[in-house]
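Working notes, structure below.
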There are 2 protein chains.
Amino acid sequence: MKLSDIGEFGLIRKIRRLSSHSSSRTLIGIGDDAAALRVSSSALLLATTDMLIESVHFDLSYTDFYSLGWKSAAVNLSDIAAMGGIPRFCLTSLGLPSHITAEQVLDFYRGFNALLRVHKTALVGGDTCASPHGLTIGVTVLGEATKRGVLTRAGARPGDRIFVTNTLGDSAAGLELLRNAPSPNPLPSGERNKKRGGYQSGIRTLIGRHLRPNPRVELGRSIALSGCASSMIDISDGLSSDLAHICEESKVGAEVAGSSLPLSPALVEQEHHLRKPLLQYALSGGEDYELLFTAPPARIRKLRAFEASITEIGVITRGKGMSLVDDAGRKRPLASSGYDHFRPGKGRPQRASQRMVRHSPI
Amino acid sequence: MKLSDIGEFGLIRKIRRLSSHSSSRTLIGIGDDAAALRVSSSALLLATTDMLIESVHFDLSYTDFYSLGWKSAAVNLSDIAAMGGIPRFCLTSLGLPSHITAEQVLDFYRGFNALLRVHKTALVGGDTCASPHGLTIGVTVLGEATKRGVLTRAGARPGDRIFVTNTLGDSAAGLELLRNAPSPNPLPSGERNKKRGGYQSGIRTLIGRHLRPNPRVELGRSIALSGCASSMIDISDGLSSDLAHICEESKVGAEVAGSSLPLSPALVEQEHHLRKPLLQYALSGGEDYELLFTAPPARIRKLRAFEASITEIGVITRGKGMSLVDDAGRKRPLASSGYDHFRPGKGRPQRASQRMVRHSPI
């Protein structure tokens, strides 16, 4: 059977079934942002891995190596953040085509290490080898759970309110602007070049959100420690996709108020340069690396400590569907904009051109 | 600077320097078979990762998917064995070209899981995505150290005796035979086909050692627990290369007695079908996934428990060089047959055609 017939998620289900090894040490295995593993009576380890492949996950014609390193770290740190965990250690694998220079590899590691330093995470090992085709990057991040334990995708209950951190859609808008940008390297490479390019600051902000996202590690940890949240995921595929993951794992539905979605001033400012309505970037743009979480109404008061960086966007419902609600209270179905790696043509048409990185935890 | 100018090991040294993040939690970081990480007051975690790229590390024209899965697990389990550790958890990433079928991916996981089950290791997560070029495999294995701690490459002292487990050279000979084999799929795929092909059993044994190596997990753990060994590494690059790693990290030299190298009956039986002297397969063939370790003379007596599966092959010396000693006591320099991923032409000429997999821990 072709991969395009079974589809990515069909394949993952089969792999999951083949691999059901029952171990009392595996608290959370295949299927969440990270695995949660009992490594001693006192330590709960989180582990996540992602592969990034040239021309699938990134495009070197508009991505500098410093940003690529930064983002490779960010994608994985964000998975630890989504469990409410604390990243500690990291391993990398690089498959390097012969045209890549040593300086480019070192620039990759400068960007990678810069973000690791922010989150006090140590690069402890890896692998490096030749690649006959494109650049291939493998990253594994290990973290630890807080004493409160981990937040999974499976705890949302009807009536819980839905929240997101910061703003949505910036990264997807940044990618669109980047593809139309005149310069091949619109962000200065790290500390060595503090000068700003000729871009308007709004454009720079959006492009920066795409090339060098900030995983919400501290915020995720604080939300987990507050004990308010019932489920959490990071927004890598786009709000509608990642909310669908929570709904599926929690066996619930959801209603999202379209006008409540938090948009950045930069996104609003650039509306006239963008091809689609802003709501579409926020709903299905992807690669926000923000956090999406749910909390029961009784515990919402305790979330006030985070009110500067979180927004309530909807409510968890009984049943299975997701709806988008407008200001007049009209509901329309909200489909997951999920992109299938093995049949990209079958996703919503704007997806393939809209974003590059997508990861399915098996 | 081109990668071929700086070379693989020059690049790794630079990455190591860039990434020096001092953390009291990192007991062993970049540069050994696996990292050793303090995750709680009682738990010492081992972590290793490898990337396997089609046409660099494996060739699908003579590797079946079951064997490829098995071997992808073996390569990483062997790194945990080399530290004397116990593998516990595993994560995989697959980059899949569109011509790969779902059955092939599931066969990969059947082989992968078969070896994980032998070593009671759980597949707990991963990532799956499309690859525009070849098949790419990323594997991370997490393990725990025994209470005796970990065995590194750095503890060998002059006078220590050098030992290897089982036999050497079988895998490299198996690869040579496999490349000359008439059938494209000389090993039956897992449990589903117990019938033997038309090969002589000696050829089958050697090919089996190449396609489905058995990492020496139990033996490595027993050697570590015995407290006899002063250093250990797994033989992935070939005896001369991996002994050179021990010499470099321990700042010592070594003498190896050529006639003492353990050869399997299958290798000896197939000598007339092989192109090179048997000693060359044993010294520099690579991919044996046996263990190479050193032990001080005073502790050798305690190694008798393992005498069926270990062989003394030489002695650690002062100074830096390695020598090969013949039966008449004549010494000649023994060079590391190290293959450089970024300048394969500069290695010993037989290397490139002799073996496929090579991993440099960064």
Residue by residue through the stretch A:320-336, what is 3J(HN,Hα) from phi via Karplus (6.51 cos²θ - 1.76 cosθ + 1.60, θ = phi - 60°)? Round to whole Hz and write x for glycine and proline. 10, x, 10, 10, 9, 10, 8, 5, 7, x, 6, 10, 9, x, 10, 8, 5
Determine, from the Cβ-Cβ distance of residue B:279 and residue B:2 and an R0 of 41 Å, the FRET efficiency 1/(1 + (r/R0)^6), rounded to the nearest 0.05. 0.70
Could you work out the Rg to Rh ratio of the protein assembly as shown, with Rh taken as the Kirkwood radius (inverse of the mean 1/r over all Cα pairs)? 0.99
Interchain or sequence-distant (5+) residues whose placed amide H lies within less than 5 Å of the amide H of residue B:342 are B:8
How much length would be gained if the chain were fully extended between residue A:16 and residue A:272, taking 0.36 nm per residue of separation minus their Cα-Cα distance, in nm to one decimal? 87.7 nm
Percent RCO, i.e. relative contact order, over the stretch A:45-150, from Cα pairs under 8 Å lying at least 6 residues apart: 47 percent
Beta carbons within 10 angstrom, averaged per residue: use that to sort the peptides B:212-224, A:78-90, A:131-143, highest first. A:78-90, A:131-143, B:212-224
May I ask for the net charge around residue A:209, where only other residues with Cβ less than 9 Å from the Cβ of residue A:209 are counted and Lys, Arg are +1 while Asp, Glu are -1? -2
Output, in nm with one decimal and in ascending order, the distances from the residue A:321 label point to the matching label points of the other copies (7 Å from Cα along Cα-to-Cβ). 8.2
Give the Cα extents of chain B along the principal axes, in whole Å, largest first. 54, 53, 48
For residue B:130, other-chain or 5+-apart residues with amide H closer than 5 Å (H placed, Pro excluded) are B:96
Got a sec? How would B:307, A:54 order by Cβ neighbour count within 10 Å, fewest to most? B:307, A:54
Order by neighbour count: A:273, A:57, fewest other Cβ atoms within 10 Å first, most last. A:273, A:57
How large is the dipole of chain B about the Cα centre if only Lys and Arg carry +1 and Asp and Glu carry -1, each at its Cβ, rounded to the nearest 20 debye? 740 debye
Please give the Cα centre distance for the stretch B:1-54 versus the stretch B:70-92, rounded to the nearest Å. 16 Å
Which aspartates and glutamates have a Cα lying under 15 Å from the Cα of residue A:276, excluding residues fewer than 8 positions away in the same chain? A:170, A:176
Taking Lys and Arg as +1 and Asp and Glu as -1, residues besides residue B:134 with C-beta under 14 Å from its C-beta add up to -3
³J(HN,Hα) computed for each position of the stretch A:161-172 - Karplus, 6.51 cos²θ - 1.76 cosθ + 1.60, integer Hz, glycine/proline x: 8, 9, 10, 10, 8, 6, 10, 10, x, 4, 5, 5
How far apart are the residue B:307 label points across copies, placing each 7 Å from Cα toward Cβ, in nm, shortest first? 7.9
Is there a simple number for the mean count of other chain Cβ atoms within 10 Å of the Cβ of residues in A:30-40, and what is it? 5
Where does the charge balance sit around residue B:320 when Lys and Arg score +1, Asp and Glu -1, over other residues with C-beta under 13 Å from its C-beta? -1
Calculated from DSSP helices alone, with each H run of at least 4 adding -39500 (n - 2.57) and the total divided by the residues of chain A, [θ]222 nm to the nearest 500 comes to -9500 deg cm²/dmol
Quantify how strongly other chains surround peptide B:111-124 by giving the mean number of their Cβ atoms within 10 Å of each of its Cβ atoms. 4
For the stretch B:124-183 versus the stretch A:251-315, the gap between their alpha-carbon centres in whole angstrom: 46 Å
Could you work out the relative contact order of chain A, using alpha carbon pairs under 8 angstrom and six or more residues apart, expressed as a whole percent? 23 percent
Starting from the Cα of residue B:148, step 7 Å along the direction of its Cβ; do the same at residue B:218; then give the gap between the two resulting points in nm. 1.7 nm
Along Cα→Cβ at 7 Å, what distances in nm separate the residue A:101 label point from those on the other copies, shortest first? 4.6
With θ taken as phi - 60° and the coefficients 6.51, -1.76 and 1.60, list the Karplus ³J(HN,Hα) couplings across the stretch A:217-232 in order, rounded to whole Hz; mark glycine and proline as x. 5, 5, 5, x, 5, 5, 5, 4, 5, 5, x, 7, 7, 9, 7, 7
Which trypsin sites (Lys or Arg not before Pro) does the stretch B:287-322 hold that lie in a coil by DSSP with at most 16 other beta carbons within 10 Å? B:318, B:320
The size of the Cβ-based charge dipole (Lys, Arg +1; Asp, Glu -1) of the protein assembly as shown about the Cα centre, to the nearest 20 debye, is 1180 debye
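Bear in mind these aren't lab numbers, they're just calculated from the coordinates by the rules spelled out. Everything quoted here is computed from the prediction, not taken from an experiment. Cβ coordinates were reconstructed from backbone atoms using ideal geometry, including for glycine residues, and neighbour counts include every protein chain displayed.
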